[in-house]
1. For the range 184-196, which positions are assigned to a strand (DSSP E or B) and of a type in the set (Gly, Ala, Ser)?
2. For the range 197-224, which residues satisfy the criterion of being part of a loop (DSSP other than H, G, I, E, B), of a type outside the set (Ser, Thr, Tyr) and open to solvent by 20 Å² or more (accessible area, probe 1.4 Å)?
3. Determine which member of the set 17, 24, 49 is under 17 Å from the mean Cα position of the chain (by Cα) and hydroxyl-bearing (Ser, Thr, Tyr).
4. For the range 125-151, which residues satisfy the criterion of being among the aromatic types (Phe, Trp, Tyr), within 17 Å of residue 219 (Cβ to Cβ) and open to solvent by 60 Å² or more (accessible area, probe 1.4 Å)?
5. Please work out which residue is farthest from residue 78 (Cα to Cα), limiting yourself to the range 20-33 and to residues that are part of a loop (DSSP other than H, G, I, E, B) and without any contact (Cβ under 8 Å) to a residue 24 or more places away in the chain.
6. Within the range 1-36, how many residues turn out to be in contact with a His (Cβ under 9 Å, 6 or more places away or on another chain) and either more than 22 Å from residue 82 (Cβ to Cβ) or open to solvent by 80 Å² or more (accessible area, probe 1.4 Å) (or both)?
7. Regarding residue 291, is this residue of a type in the set (S, T, N, Q) and open to solvent by 30 Å² or more (accessible area, probe 1.4 Å)?
8. Got a number for residues in the range 152-182 being open to solvent by 20 Å² or more (accessible area, probe 1.4 Å), under 21 Å from residue 323 (Cα atoms), among the polar types (S, T, N, Q) and not in a loop (DSSP other than H, G, I, E, B)?
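The values are calculated or read from the model by the stated rules, or taken from the named source; none is laboratory data. The structure displayed is predicted, hence computed values, not measured ones. All Cβ positions, glycine included, derive from the backbone under ideal geometry; neighbour counts span all protein chains shown. In case anyone asks, the SASA skips ligands and DNA or RNA and just uses the protein heavy atoms, side chains included. Shrake-Rupley method; radii C 1.70, N 1.55, O 1.52, S 1.80 Å.
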Amino acid sequence: MAKIKLEYLWLDGYLPTQNLRSKTKVEEHENFQGTLDEIGLWSFDGSSTKQAEGGSSDCVLKPVAIYPDPDRINGYLVMTEVMNADGTPHPSNGRATIDDDNDDFWFGFEQEYFIMDVKTELPLGFPRGGYPKPQGMYYCSVGGLNTHGRDLVEEHADLCIQAGLNFEGINQEVACGQWEYQLFAKGAKKAGDEIWVSRYLLDRLTEKHNYYIEYHPKPLGDTDWNGSGMHANFSNTTLRTCGSKETYEAICEAFRPVTKEHIEVYGAFNDQRLTGKHETQSISDFSYGISDRGASIRIPIMVVQKGWKGWLEDRRPASNADPYKVAARIIKTVKSAKI
């Protein structure tokens, strides 16, 4: 028998932005294989996370995905859904709203973020009381003059890969101290699971570096610095195989009348980012276009080159958005398209 550490992860009930919570359960197992069938439900005090009242505070954690924890001996990361005591999904449970039981929808999320210095509470590379050199040389830069935080970013990439996440890349972004990583999954629920687990690994890693991660979509306010998004690349069988410009346009048009509904779940304070500047479309407008990073939805040039077969990129989700809710809304809209 060996003792294993199960780190149960869940999303709390805070608004407008939910937070990751976690706690460790130590169990004895013989020949543990790291599967969901080998672990069970757990509970937590929902009154401490804005998910229950004190008089009836138990909420249930239902494991939905498990990954090796690369930073712990005999450790595993357990992504969970929050359930009510009667087994129904808790109102804070965005994963349960995803209509993709057959995993027909594939998602590739591009997670942007700022690395912040705990002492200065500023992005890495920012001096106290001022600004570094303007944007231009930071994007995909190399060298200590313009590149800040690579030690953390490289370690995070290694942890994600060791955990078995389908981690696809990293790059420094347009603003100083801003980075991005990409994850891809077949199945909307799995894509959301992997973003949340990757965020957990990133946040936990900052604890030993005296950094913290800023997911606010416009942390530098109304300045000439880029905000952070979580661009959602998505496809289903139709988009991957149709070979039809008209079908692509019909799906894009399905997004137009529900612009408000999408913005409602695309992250808090996104109005500060979606201004029509810095490669964004205005939050009040909707547009799509081929290779247009200033549009709400970009049709990648590779889709056209491959005869209208591929995917679409919704550029509106903010860096602090819940990938479960983003995926759920995109799927609902795509399924509503008249094609």
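1. Of the residues in the range 184-196, the ones assigned to a strand (DSSP E or B) are 184-186.
If the condition is that a residue be assigned to a strand (DSSP E or B) and of a type in the set (Gly, Ala, Ser), then 185 is the only one that fits.
2. Within the range 197-224, 207, 208, 209, 210, 216, 219, 220, 221, 222, 224 meet the criteria.
3. Details: 24 fails: under 17 Å from the mean Cα position of the chain (by Cα); 49 fails: under 17 Å from the mean Cα position of the chain (by Cα).
After ruling out the rest, the residue left standing is 17.
4. Initially, the range 125-151 is screened for residues among the aromatic types (Phe, Trp, Tyr), giving 126, 131, 138-139.
Add one more test, that the residue is within 17 Å of residue 219 (Cβ to Cβ), and what stays is 126, 131, 138.
Within the range 125-151, 131 is the sole residue that qualifies.
5. 31
6. 4
7. For residue 291, the condition - of a type in the set (S, T, N, Q) and open to solvent by 30 Å² or more (accessible area, probe 1.4 Å) - is met.
8. The number of residues fulfilling the criteria is 2.
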